[in-house]
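Heads up: the structure comes next, in C-alpha coordinates.
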Amino acid sequence: MDSGATEESGQERQGPLVPMTRSGVGVIISVGDSCHDLLGWMPEQMVGSSSTRFIHPDDQPSAIAAWVKMLDSSDGAGVWRGRYQSAGGTWVWVETVNQYGGLDDPIVSTTMTGVTAEQVSMEERLHARSQLLSRLSDALPVGVFQVNMAGHVTFTNDRLHVIVGVGLRATIAEQMASIADEDRPLFEAALATAFADRPVEDVELRLRLPAGDNDPAGIEERVCLLGLRTLTDSTGVVSGAVGCLSDVTERAQLRRELEVRASVDALTSCLNRAATLELVDRTVSSPDGGSGNAVVLIDLDRFKAVNDHLGHAAGDRLLVEVAERLRETLREGDHVGRFGGDEFLVICPGVDSADQAREIAERIAIALTSTVDIESRPVRLRASVGVSWTTESLKADTLIAWADSAMYESKRLGLPAVTLFTGPGGGGGTFPVAV
(Lines give C-alpha, C1' and ligand atoms only; values in the text may rest on other atoms or scores of the structure.)
Protein backbone atom coordinates (compact mmCIF):
# COMPACT_ATOMS: atom_id res chain seq x y z
CA MET A 1 0.00 0.00 0.00
CA ASP A 2 1.61 3.20 -1.05
CA SER A 3 -0.83 6.01 -1.67
CA GLY A 4 -2.90 8.70 -0.08
CA ALA A 5 -0.92 11.92 0.29
CA THR A 6 -2.83 14.59 -1.57
CA GLU A 7 0.14 16.79 -2.53
CA GLU A 8 0.69 17.02 -6.28
CA SER A 9 4.03 15.76 -7.60
CA GLY A 10 6.27 18.34 -9.19
CA GLN A 11 9.03 15.94 -10.18
CA GLU A 12 9.98 14.86 -13.68
CA ARG A 13 8.89 11.31 -14.29
CA GLN A 14 11.36 8.62 -15.52
CA GLY A 15 10.64 5.48 -17.52
CA PRO A 16 7.37 3.78 -18.50
CA LEU A 17 3.96 4.28 -16.94
CA VAL A 18 2.73 1.18 -15.13
CA PRO A 19 -1.06 0.83 -14.61
CA MET A 20 -2.11 -1.15 -11.53
CA THR A 21 -5.26 -1.92 -9.55
CA ARG A 22 -5.33 -2.91 -5.88
CA SER A 23 -7.87 -3.86 -3.24
CA GLY A 24 -8.71 -1.64 -0.29
CA VAL A 25 -6.13 -3.49 1.84
CA GLY A 26 -3.38 -3.07 -0.74
CA VAL A 27 -3.41 -6.48 -2.44
CA ILE A 28 -2.39 -6.19 -6.10
CA ILE A 29 -5.25 -7.26 -8.41
CA SER A 30 -3.76 -6.42 -11.80
CA VAL A 31 -0.63 -4.74 -13.17
CA GLY A 32 0.39 -3.78 -16.69
CA ASP A 33 3.12 -5.51 -18.70
CA SER A 34 5.22 -2.34 -18.46
CA CYS A 35 6.05 -3.28 -14.84
CA HIS A 36 8.71 -5.57 -16.35
CA ASP A 37 10.40 -2.56 -17.94
CA LEU A 38 10.30 -0.55 -14.69
CA LEU A 39 10.91 -3.20 -12.01
CA GLY A 40 11.81 -6.38 -13.83
CA TRP A 41 8.80 -8.29 -12.49
CA MET A 42 6.36 -10.12 -14.71
CA PRO A 43 2.73 -9.19 -13.88
CA GLU A 44 1.96 -12.66 -12.55
CA GLN A 45 4.82 -12.31 -10.06
CA MET A 46 3.12 -9.30 -8.45
CA VAL A 47 -0.59 -10.10 -8.72
CA GLY A 48 -2.01 -11.52 -5.49
CA SER A 49 0.73 -10.05 -3.28
CA SER A 50 0.42 -7.20 -0.81
CA SER A 51 2.04 -3.97 -1.96
CA THR A 52 4.11 -3.93 1.23
CA ARG A 53 5.98 -7.00 -0.02
CA PHE A 54 7.71 -4.80 -2.59
CA ILE A 55 8.09 -1.59 -0.56
CA HIS A 56 11.36 -0.80 1.21
CA PRO A 57 11.01 -1.38 4.99
CA ASP A 58 12.06 2.22 5.72
CA ASP A 59 9.29 3.48 3.43
CA GLN A 60 6.53 1.18 4.73
CA PRO A 61 5.40 3.44 7.62
CA SER A 62 4.85 6.40 5.28
CA ALA A 63 3.20 4.10 2.74
CA ILE A 64 0.73 2.75 5.30
CA ALA A 65 -0.02 6.20 6.68
CA ALA A 66 -0.53 7.60 3.19
CA TRP A 67 -2.76 4.70 2.19
CA VAL A 68 -5.00 5.20 5.20
CA LYS A 69 -5.22 8.92 4.57
CA MET A 70 -6.21 8.27 0.97
CA LEU A 71 -9.01 5.90 2.02
CA ASP A 72 -10.24 8.52 4.51
CA SER A 73 -10.04 11.51 2.18
CA SER A 74 -13.11 13.03 0.56
CA ASP A 75 -11.87 12.63 -3.02
CA GLY A 76 -9.92 9.37 -2.54
CA ALA A 77 -6.96 10.74 -4.55
CA GLY A 78 -3.29 10.98 -3.68
CA VAL A 79 0.35 10.72 -4.64
CA TRP A 80 3.15 8.82 -2.89
CA ARG A 81 6.85 8.39 -3.55
CA GLY A 82 9.10 5.67 -2.20
CA ARG A 83 11.22 2.65 -3.09
CA TYR A 84 9.96 -0.56 -4.72
CA GLN A 85 12.10 -3.67 -4.93
CA SER A 86 13.06 -4.78 -8.42
CA ALA A 87 13.27 -8.39 -9.57
CA GLY A 88 17.05 -8.05 -9.39
CA GLY A 89 16.96 -7.11 -5.70
CA THR A 90 17.76 -3.41 -6.12
CA TRP A 91 15.49 -0.57 -4.95
CA VAL A 92 13.82 1.68 -7.51
CA TRP A 93 12.37 5.07 -6.58
CA VAL A 94 8.82 5.33 -7.90
CA GLU A 95 5.90 7.70 -7.78
CA THR A 96 2.33 6.38 -7.59
CA VAL A 97 -0.73 8.42 -8.50
CA ASN A 98 -3.81 6.80 -7.04
CA GLN A 99 -7.59 7.00 -7.04
CA TYR A 100 -9.82 5.10 -4.60
CA GLY A 101 -13.27 4.18 -5.92
CA GLY A 102 -14.98 4.42 -2.53
CA LEU A 103 -17.27 1.96 -0.74
CA ASP A 104 -19.36 1.32 -3.86
CA ASP A 105 -16.23 0.39 -5.85
CA PRO A 106 -13.48 -0.37 -3.28
CA ILE A 107 -10.68 -0.59 -5.86
CA VAL A 108 -7.60 1.64 -5.98
CA SER A 109 -6.49 2.53 -9.54
CA THR A 110 -2.80 3.37 -9.67
CA THR A 111 -0.35 4.72 -12.21
CA MET A 112 3.31 4.11 -11.26
CA THR A 113 6.37 5.68 -12.83
CA GLY A 114 10.02 5.85 -11.90
CA VAL A 115 11.75 8.88 -10.40
CA THR A 116 15.43 9.39 -9.65
CA ALA A 117 16.73 9.36 -6.09
CA GLU A 118 17.78 12.97 -6.52
CA GLN A 119 14.23 13.93 -7.32
CA VAL A 120 13.09 12.66 -3.95
CA SER A 121 14.58 15.20 -1.62
CA MET A 122 15.66 14.40 1.89
CA GLU A 123 13.25 17.03 3.12
CA GLU A 124 10.30 15.19 1.58
CA ARG A 125 11.32 11.90 3.13
CA LEU A 126 11.83 13.42 6.55
CA HIS A 127 8.53 15.21 6.24
CA ALA A 128 6.76 11.94 5.38
CA ARG A 129 8.31 10.28 8.43
CA SER A 130 7.49 13.17 10.77
CA GLN A 131 3.89 13.18 9.56
CA LEU A 132 3.39 9.47 10.29
CA LEU A 133 2.32 9.97 13.90
CA SER A 134 -0.04 12.82 13.17
CA ARG A 135 -1.54 11.09 10.12
CA LEU A 136 -2.28 7.91 12.00
CA SER A 137 -3.42 9.68 15.15
CA ASP A 138 -5.56 12.32 13.47
CA ALA A 139 -7.00 10.39 10.54
CA LEU A 140 -7.75 7.09 12.26
CA PRO A 141 -10.44 6.35 14.85
CA VAL A 142 -8.49 3.17 15.67
CA GLY A 143 -5.44 2.29 17.72
CA VAL A 144 -2.26 1.62 15.75
CA PHE A 145 0.89 -0.13 16.91
CA GLN A 146 4.07 -1.57 15.45
CA VAL A 147 5.94 -4.49 16.98
CA ASN A 148 9.20 -6.18 16.01
CA MET A 149 9.97 -9.89 16.01
CA ALA A 150 11.37 -9.68 19.54
CA GLY A 151 8.00 -8.46 20.80
CA HIS A 152 9.17 -4.89 21.42
CA VAL A 153 6.78 -2.04 20.67
CA THR A 154 8.32 0.40 18.18
CA PHE A 155 5.33 2.65 17.59
CA THR A 156 1.91 3.44 19.04
CA ASN A 157 -0.61 6.20 18.51
CA ASP A 158 -2.58 7.98 21.20
CA ARG A 159 -5.84 6.25 20.32
CA LEU A 160 -4.34 2.85 21.13
CA HIS A 161 -3.64 3.91 24.71
CA VAL A 162 -7.20 5.20 25.08
CA ILE A 163 -8.63 1.90 23.85
CA VAL A 164 -6.45 -0.48 25.87
CA GLY A 165 -6.22 1.77 28.94
CA VAL A 166 -2.45 1.25 29.18
CA GLY A 167 0.26 3.86 28.68
CA LEU A 168 3.31 3.27 26.50
CA ARG A 169 5.10 0.01 27.40
CA ALA A 170 8.26 -1.61 26.09
CA THR A 171 6.79 -4.98 25.08
CA ILE A 172 3.62 -5.94 23.28
CA ALA A 173 2.61 -8.23 26.15
CA GLU A 174 2.74 -5.29 28.58
CA GLN A 175 1.07 -2.94 26.10
CA MET A 176 -1.86 -5.32 25.66
CA ALA A 177 -2.12 -6.32 29.32
CA SER A 178 -5.83 -5.43 29.43
CA ILE A 179 -6.79 -8.21 27.00
CA ALA A 180 -8.99 -10.72 28.83
CA ASP A 181 -7.07 -13.81 29.93
CA GLU A 182 -9.31 -16.13 27.92
CA ASP A 183 -8.68 -14.10 24.73
CA ARG A 184 -4.91 -13.74 25.15
CA PRO A 185 -4.22 -16.97 23.20
CA LEU A 186 -6.18 -15.46 20.28
CA PHE A 187 -3.95 -12.38 20.33
CA GLU A 188 -0.77 -14.43 20.52
CA ALA A 189 -1.94 -16.65 17.65
CA ALA A 190 -2.74 -13.55 15.57
CA LEU A 191 0.78 -12.18 16.13
CA ALA A 192 2.29 -15.53 15.18
CA THR A 193 0.24 -15.48 11.96
CA ALA A 194 1.47 -11.98 11.05
CA PHE A 195 5.06 -12.96 11.86
CA ALA A 196 4.58 -15.88 9.46
CA ASP A 197 3.94 -13.34 6.68
CA ARG A 198 0.17 -13.82 6.58
CA PRO A 199 -2.42 -11.06 7.06
CA VAL A 200 -4.80 -11.11 10.03
CA GLU A 201 -8.35 -9.78 9.73
CA ASP A 202 -11.06 -9.00 12.33
CA VAL A 203 -9.96 -11.02 15.35
CA GLU A 204 -12.44 -10.23 18.14
CA LEU A 205 -10.80 -9.55 21.50
CA ARG A 206 -12.32 -8.59 24.85
CA LEU A 207 -10.53 -6.05 27.03
CA ARG A 208 -11.09 -5.57 30.74
CA LEU A 209 -10.25 -2.15 32.18
CA PRO A 210 -10.88 -0.49 35.54
CA ALA A 211 -14.28 1.20 35.39
CA GLY A 212 -12.90 4.54 36.60
CA ASP A 213 -13.15 6.88 39.58
CA ASN A 214 -16.93 6.54 39.86
CA ASP A 215 -16.59 2.79 40.43
CA PRO A 216 -13.06 2.01 41.69
CA ALA A 217 -13.82 -1.68 42.18
CA GLY A 218 -15.67 -2.11 38.87
CA ILE A 219 -14.44 -3.53 35.58
CA GLU A 220 -15.33 -2.13 32.16
CA GLU A 221 -15.37 -4.66 29.34
CA ARG A 222 -14.66 -3.58 25.79
CA VAL A 223 -14.88 -5.54 22.56
CA CYS A 224 -12.27 -4.80 19.88
CA LEU A 225 -11.36 -6.02 16.41
CA LEU A 226 -7.69 -6.62 15.60
CA GLY A 227 -6.05 -6.52 12.18
CA LEU A 228 -2.36 -7.13 11.47
CA ARG A 229 -0.03 -6.72 8.49
CA THR A 230 3.48 -8.09 8.12
CA LEU A 231 6.53 -5.79 7.79
CA THR A 232 9.75 -6.94 6.10
CA ASP A 233 13.35 -5.71 6.00
CA SER A 234 15.45 -4.80 2.96
CA THR A 235 16.06 -8.47 2.17
CA GLY A 236 12.40 -9.42 2.36
CA VAL A 237 12.73 -11.10 5.73
CA VAL A 238 9.85 -10.48 8.13
CA SER A 239 10.90 -7.83 10.65
CA GLY A 240 7.64 -7.33 12.56
CA ALA A 241 4.04 -6.30 12.13
CA VAL A 242 1.79 -3.26 12.19
CA GLY A 243 -1.61 -3.62 13.81
CA CYS A 244 -4.91 -1.78 14.07
CA LEU A 245 -7.26 -2.14 17.05
CA SER A 246 -10.85 -0.91 16.65
CA ASP A 247 -13.23 -0.42 19.59
CA VAL A 248 -16.50 -2.07 18.50
CA THR A 249 -18.07 -2.32 21.96
CA GLU A 250 -21.31 -0.57 20.98
CA ARG A 251 -21.65 -2.74 17.88
CA ALA A 252 -21.07 -5.90 19.95
CA GLN A 253 -23.64 -4.78 22.53
CA LEU A 254 -26.20 -4.18 19.77
CA ARG A 255 -25.47 -7.63 18.36
CA ARG A 256 -25.98 -9.22 21.79
CA GLU A 257 -29.24 -7.32 22.23
CA LEU A 258 -30.47 -8.56 18.87
CA GLU A 259 -29.46 -12.11 19.78
CA VAL A 260 -31.40 -11.81 23.05
CA ARG A 261 -34.45 -10.46 21.25
CA ALA A 262 -34.29 -13.39 18.86
CA SER A 263 -34.28 -15.95 21.69
CA VAL A 264 -36.31 -14.38 24.53
CA ASP A 265 -40.08 -13.97 24.92
CA ALA A 266 -40.69 -10.24 25.18
CA LEU A 267 -43.53 -10.50 27.71
CA THR A 268 -42.14 -12.98 30.25
CA SER A 269 -38.37 -12.75 29.60
CA CYS A 270 -38.34 -16.54 29.33
CA LEU A 271 -36.78 -18.31 26.36
CA ASN A 272 -39.10 -18.28 23.37
CA ARG A 273 -40.34 -21.48 21.76
CA ALA A 274 -37.56 -21.73 19.14
CA ALA A 275 -34.80 -21.16 21.69
CA THR A 276 -36.46 -23.60 24.10
CA LEU A 277 -36.58 -26.37 21.50
CA GLU A 278 -32.95 -25.74 20.56
CA LEU A 279 -31.86 -25.94 24.20
CA VAL A 280 -33.86 -29.14 24.84
CA ASP A 281 -32.25 -30.69 21.76
CA ARG A 282 -28.73 -29.80 22.93
CA THR A 283 -29.46 -31.03 26.45
CA VAL A 284 -31.01 -34.42 25.72
CA SER A 285 -28.83 -35.32 22.73
CA SER A 286 -25.70 -35.35 24.93
CA PRO A 287 -26.46 -36.68 28.44
CA ASP A 288 -24.03 -35.52 31.14
CA GLY A 289 -22.20 -38.60 32.41
CA GLY A 290 -24.51 -40.92 34.35
CA SER A 291 -27.06 -38.22 35.11
CA GLY A 292 -30.40 -37.97 33.39
CA ASN A 293 -32.34 -35.06 31.99
CA ALA A 294 -35.88 -33.95 32.73
CA VAL A 295 -38.37 -31.57 31.15
CA VAL A 296 -41.42 -30.24 32.96
CA LEU A 297 -44.38 -29.08 30.88
CA ILE A 298 -46.81 -26.67 32.58
CA ASP A 299 -50.23 -25.70 31.25
CA LEU A 300 -52.19 -23.03 33.15
CA ASP A 301 -55.69 -24.12 34.04
CA ARG A 302 -58.63 -21.82 33.19
CA PHE A 303 -56.33 -19.19 31.69
CA LYS A 304 -58.85 -18.43 28.94
CA ALA A 305 -61.39 -17.41 31.61
CA VAL A 306 -58.96 -14.78 32.92
CA ASN A 307 -58.61 -13.31 29.43
CA ASP A 308 -62.36 -13.42 28.81
CA HIS A 309 -63.45 -11.90 32.14
CA LEU A 310 -60.59 -9.53 33.01
CA GLY A 311 -59.07 -8.78 29.61
CA HIS A 312 -55.84 -9.67 27.88
CA ALA A 313 -53.80 -7.15 29.89
CA ALA A 314 -54.77 -9.05 33.04
CA GLY A 315 -53.86 -12.31 31.32
CA ASP A 316 -50.44 -10.88 30.43
CA ARG A 317 -49.83 -9.89 34.05
CA LEU A 318 -50.73 -13.40 35.16
CA LEU A 319 -48.23 -14.87 32.67
CA VAL A 320 -45.51 -12.57 34.02
CA GLU A 321 -46.33 -13.68 37.57
CA VAL A 322 -46.12 -17.33 36.54
CA ALA A 323 -42.74 -16.78 34.85
CA GLU A 324 -41.35 -15.12 37.98
CA ARG A 325 -42.57 -17.98 40.19
CA LEU A 326 -41.04 -20.55 37.85
CA ARG A 327 -37.67 -18.79 37.92
CA GLU A 328 -37.76 -18.80 41.72
CA THR A 329 -38.12 -22.60 41.75
CA LEU A 330 -35.29 -23.32 39.30
CA ARG A 331 -32.08 -25.01 40.32
CA GLU A 332 -28.78 -23.62 39.07
CA GLY A 333 -28.46 -24.70 35.44
CA ASP A 334 -32.21 -25.08 34.84
CA HIS A 335 -33.95 -22.98 32.19
CA VAL A 336 -37.56 -21.98 31.60
CA GLY A 337 -39.16 -21.24 28.25
CA ARG A 338 -42.57 -20.00 27.22
CA PHE A 339 -43.70 -22.85 25.01
CA GLY A 340 -47.09 -21.53 23.92
CA GLY A 341 -49.79 -19.07 24.90
CA ASP A 342 -50.22 -20.42 28.43
CA GLU A 343 -47.66 -23.24 28.37
CA PHE A 344 -44.19 -23.21 29.88
CA LEU A 345 -41.39 -25.77 29.62
CA VAL A 346 -38.69 -26.15 32.26
CA ILE A 347 -35.45 -27.82 31.11
CA CYS A 348 -33.56 -29.62 33.88
CA PRO A 349 -30.17 -31.13 33.01
CA GLY A 350 -28.23 -33.28 35.46
CA VAL A 351 -31.21 -34.91 37.19
CA ASP A 352 -29.97 -38.06 38.91
CA SER A 353 -33.23 -40.01 39.21
CA ALA A 354 -36.89 -40.11 38.30
CA ASP A 355 -37.70 -39.31 41.94
CA GLN A 356 -35.63 -36.11 41.74
CA ALA A 357 -37.45 -35.16 38.52
CA ARG A 358 -40.77 -35.67 40.29
CA GLU A 359 -39.64 -33.53 43.24
CA ILE A 360 -38.73 -30.69 40.88
CA ALA A 361 -42.14 -30.90 39.22
CA GLU A 362 -43.88 -30.94 42.61
CA ARG A 363 -42.12 -27.74 43.69
CA ILE A 364 -43.33 -26.12 40.48
CA ALA A 365 -46.91 -27.33 41.01
CA ILE A 366 -46.91 -25.97 44.57
CA ALA A 367 -45.52 -22.60 43.41
CA LEU A 368 -48.32 -22.36 40.84
CA THR A 369 -51.15 -23.28 43.19
CA SER A 370 -52.32 -20.13 44.98
CA THR A 371 -54.46 -17.02 44.67
CA VAL A 372 -52.99 -14.06 42.75
CA ASP A 373 -54.25 -10.47 42.88
CA ILE A 374 -54.87 -9.28 39.31
CA GLU A 375 -56.64 -5.97 38.59
CA SER A 376 -57.48 -5.79 42.32
CA ARG A 377 -59.36 -9.05 41.97
CA PRO A 378 -58.30 -12.43 43.32
CA VAL A 379 -57.51 -14.96 40.60
CA ARG A 380 -57.09 -18.61 41.43
CA LEU A 381 -53.84 -19.87 39.92
CA ARG A 382 -53.44 -23.55 39.19
CA ALA A 383 -51.55 -25.54 36.57
CA SER A 384 -51.45 -29.01 35.13
CA VAL A 385 -47.90 -30.32 35.36
CA GLY A 386 -46.25 -33.23 33.56
CA VAL A 387 -42.61 -34.29 33.81
CA SER A 388 -40.54 -36.70 31.74
CA TRP A 389 -37.11 -38.05 32.65
CA THR A 390 -34.51 -40.17 30.87
CA THR A 391 -30.84 -41.13 30.95
CA GLU A 392 -30.87 -41.93 27.23
CA SER A 393 -29.86 -39.77 24.30
CA LEU A 394 -33.18 -38.84 22.72
CA LYS A 395 -34.66 -36.43 20.24
CA ALA A 396 -36.09 -33.32 21.88
CA ASP A 397 -39.52 -34.03 20.41
CA THR A 398 -39.62 -37.42 22.14
CA LEU A 399 -38.92 -36.15 25.65
CA ILE A 400 -41.33 -33.22 25.20
CA ALA A 401 -44.04 -35.57 23.91
CA TRP A 402 -43.64 -37.69 27.05
CA ALA A 403 -44.01 -34.60 29.24
CA ASP A 404 -47.01 -33.53 27.19
CA SER A 405 -48.72 -36.88 27.74
CA ALA A 406 -47.97 -36.67 31.45
CA MET A 407 -49.34 -33.13 31.65
CA TYR A 408 -52.62 -34.13 30.00
CA GLU A 409 -52.97 -37.02 32.44
CA SER A 410 -52.66 -34.51 35.31
CA LYS A 411 -55.24 -32.28 33.63
CA ARG A 412 -57.61 -35.22 33.10
CA LEU A 413 -57.55 -36.07 36.78
CA GLY A 414 -58.29 -32.45 37.75
CA LEU A 415 -56.37 -32.72 41.04
CA PRO A 416 -53.34 -30.87 42.37
CA ALA A 417 -50.87 -33.48 41.14
CA VAL A 418 -47.92 -34.10 38.86
CA THR A 419 -47.59 -36.99 36.44
CA LEU A 420 -44.20 -38.54 35.73
CA PHE A 421 -43.38 -40.39 32.51
CA THR A 422 -40.03 -42.14 31.98
CA GLY A 423 -40.70 -43.80 28.65
CA PRO A 424 -42.47 -46.88 27.37
CA GLY A 425 -42.10 -49.67 29.91
CA GLY A 426 -40.53 -47.33 32.47
CA GLY A 427 -41.68 -46.15 35.84
CA GLY A 428 -43.89 -43.20 36.51
CA GLY A 429 -47.36 -42.40 37.61
CA THR A 430 -49.45 -39.59 39.01
CA PHE A 431 -48.54 -38.19 42.41
CA PRO A 432 -50.83 -35.92 44.44
CA VAL A 433 -49.35 -32.60 45.60
CA ALA A 434 -50.07 -31.26 49.07
CA VAL A 435 -51.03 -27.57 48.76
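The values are calculated or read from the model by the stated rules, or taken from the named source; none is laboratory data. Please read all numbers here as calculations on a predicted model, not as lab measurements. For neighbour counting, all protein chains shown are included, and Cβ atoms are generated from backbone atoms with ideal geometry for every residue, glycine included. Protein only, heavy atoms only, side chains kept; ligands, DNA and RNA dropped before computing areas. Shrake-Rupley method; radii C 1.70, N 1.55, O 1.52, S 1.80 Å.
If you take all C-alpha pairs in segment 360-425, what percent of them are over 16 Å apart?
Value for segment 360-425 (Cα pairs over 16 Å): 52 percent.
Given a 1.4 Å probe, how much area per residue of segment 289-416 is accessible, in Å²?
Result: 45 Å² of accessible area for each residue.
Rolling a 1.4 angstrom probe over the protein heavy atoms, how many square angstrom per residue are accessible across segment 146-248?
49 Å²
Please report the carbon-and-sulfur percent of the accessible area for segment 160-263; probe 1.4 Å, protein heavy atoms only, DNA, RNA and ligands left out.
Whole-percent figure for carbon plus sulfur exposure: 54.
Per the Kirkwood treatment, what hydrodynamic radius in Å, one decimal, follows for segment 222-264 from the mean inverse distance over all distinct Cα pairs?
Computed over Cα pairs of segment 222-264, the Kirkwood hydrodynamic radius comes out at 12.9 Å.
Over 23 Å, how big is the tail of the calculated P(r) for segment 263-362, in percent of all Cα pairs?
That fraction is 28 percent.
How tilted is helix 249-263 with respect to the longest principal axis of the chain? Cα atoms for both, answer in degrees (0 to 90, nearest 10).
The answer is roughly 30 degrees.
Kindly work out what percent of the DSSP beta bridges joining two residues of the chain are antiparallel, to the nearest 5.
In the chain, DSSP labels about 95 percent of beta bridges as antiparallel.
Could you work out the relative contact order of segment 254-377? I mean the mean sequence separation of Cα pairs under 8 Å and 6+ apart, divided by the number of residues, in percent.
Computed over segment 254-377, the figure is 33 percent.
Kindly express, to the nearest 10 degrees and within the range 0 to 90, the angle between helix 60-72's C-alpha long axis and the longest C-alpha principal axis of the chain.
Helix 60-72 sits at roughly 60 degrees to that axis.
For the chain, how big is the tail of P(r) above 40 Å, as a whole percent of Cα pairs?
When every Cα pair of the chain is considered, 47 percent fall beyond 40 Å.
Identify, among Leu267, Thr116, Leu168, the residue whose Cα sits farthest towards the positive end of the charge dipole of the chain, taking +1 on the Cβ of Lys and Arg and -1 on the Cβ of Asp and Glu, with the dipole about the Cα centre.
Leu267
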